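A quick write-up on the structure given underneath.
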Amino acid sequence: MWQHTVKKEISFAGVGLHSGKPVKMVVKPAAANSGIRFKRVDLGKDAIVRASMRRVSDTTLATTLSKNNVFVGTTEHLLAALCGLGIDNVLVELNSDELPIMDGSAGPFAQVLKKNRKAQKARRLMMKIIKEMTFKAGETEINVKPFDGFKITSKVQFDHPVIKSQAYTVQVDQESFVKEIASARTFGFLEQVEYLRANGKALGGSLENAVVIDKDGIVNAEGLRFADEFARHKVLDLVGDLALLGCPLLGHITACRGGHTQHVAFMRMLADNPECWELVKRSDDGHESVMDKVRMATKAAGKMVLPFLMPPVPALHTSKIAC
Ligand SMILES: [Zn+2]
């Protein structure tokens, strides 16, 4: 299985969901084994932050990455599109501190990116789950077990008649990602949106980029795109956060009432339990080579392409400070 980048530079423009600021973003081709990196062009040539679980600095409302006071917010939907479409290496340039929210889903990214994939002459490394592991925190449970593919089951539960409980399972590949997951939008409750606005968040939020729910039902005139759009969007967010591992995962994840904070904590637990996974490469005929983790960790040092190989993973901060 070959690594992929994009054929050409692809531009997007929009507003940040929380900042409300206009932003221009360009997804550019990048060399094999360079991973996904964000560059803040408004801050100079060195303002680069890698898409890595080691760079997560805030998970309060979205997944924010930072390094040396260079912040890149709401990364998860673009990362989901890249991960869902099997695009390993790109440089993402943006001129603000938050990615454009587009329509609240990964659909606008996925529609363009799927036509612009380009194979590279380097085999893709994959994290293959070989032993079951369960992360628990409060009401959240995230389990992963061996599976020959990338499969996600998402379970959501809200005390609201529109959502109640929903469960959705999908084997994620390029086709299913585009058809079943990418267009599921982010969602919020009206009273929560009003509170966020009063506190300087969700300033770019509107019915154009989020499903809003009040006590009577869906506020958006067009209704839902899928009856289980909420559970599908949770799959989207999880796919995006898992991109911060730095390589695709082979396994079946079941996530119950998860969010960005728990996704990152789950990845840290995986990093701390190397007996649950091995690193593999596959040839086109399906032949699998198992890589030497210790050797790979030495090779990865300094590059941080495989952040889970580099213990100790820094503690997660819940406020916006550099890691
Ligand atoms: Zn989301």
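What follows is calculated from the coordinates using simple rules that are stated; it is not laboratory data. Note that the structure is predicted; figures quoted are calculated from it, not measured. No Cβ is skipped: glycine too gets one built from the backbone with ideal geometry, and neighbour counts run over all protein chains shown.
General observations
- For TRP2, TRP277, the sequence from fewest to most other C-beta atoms within 10 Å is TRP2, TRP277.
- Listing ILE101, ILE142, ILE129 from fewest to most neighbouring C-beta atoms within 10 Å gives ILE129, ILE142, ILE101.
- Packing-based exposure ordering (other Cβ within 10 Å, fewest first) of LEU279, LEU242: LEU279, LEU242
- Cβ crowding within 10 Å averaged over residues, with 165-173, 72-80 ranked highest first: 72-80, 165-173
- Here the peptides 243-251, 20-28 are ranked by packing, the mean other Cβ count within 10 Å, and the order with the highest first is 243-251, 20-28.
- Remark: the chain is approximated by an ellipsoid whose semi-axes, taken from the C-alpha gyration tensor as √(5λ), come to 29, 23, 19 Å, largest first.
- Distance in nm between pseudo-label sites at LEU224 and ASP292 (7 Å out along the Cβ direction from Cα): 5.2 nm
- The charge dipole of the chain, taken about its Cα centre with unit charges on the Cβ atoms of Lys, Arg (+1), Asp and Glu (-1) only, comes to about 1260 debye.
- Averaged over residues, the count of other Cβ atoms within 10 Å places the peptides 109-118, 176-185 in the sequence 176-185, 109-118, highest first.
- GluC sites (Glu not before Pro) lying in DSSP loop within the stretch 116-172, provided at most 16 other Cβ fall within 10 Å: GLU132, GLU139
- Of the residues SER52, HIS18, TYR168, the one whose Cα sits farthest toward the positive end of the charge dipole of the chain, with +1 on the Cβ of Lys and Arg and -1 on the Cβ of Asp and Glu, is SER52.
- A cut-off under 11 angstrom between Cβ atoms defines the neighbours of LEU224, and their net charge, with Lys, Arg +1 and Asp, Glu -1, is 0.
- Candidates per GluC sites (Glu not before Pro) in the stretch 221-289, loop by DSSP, up to 11 other Cβ within 10 Å: GLU222
- Here the calculated FRET efficiency for LYS136 and SER165, from their Cβ-Cβ distance with R0 = 25 Å, stands at 0.85, rounded to the nearest 0.05.
- In the chain, helices alone account for a calculated mean residue ellipticity at 222 nm of -5500 deg cm²/dmol, with every DSSP H run of four or more residues adding -39,500 (n - 2.57).
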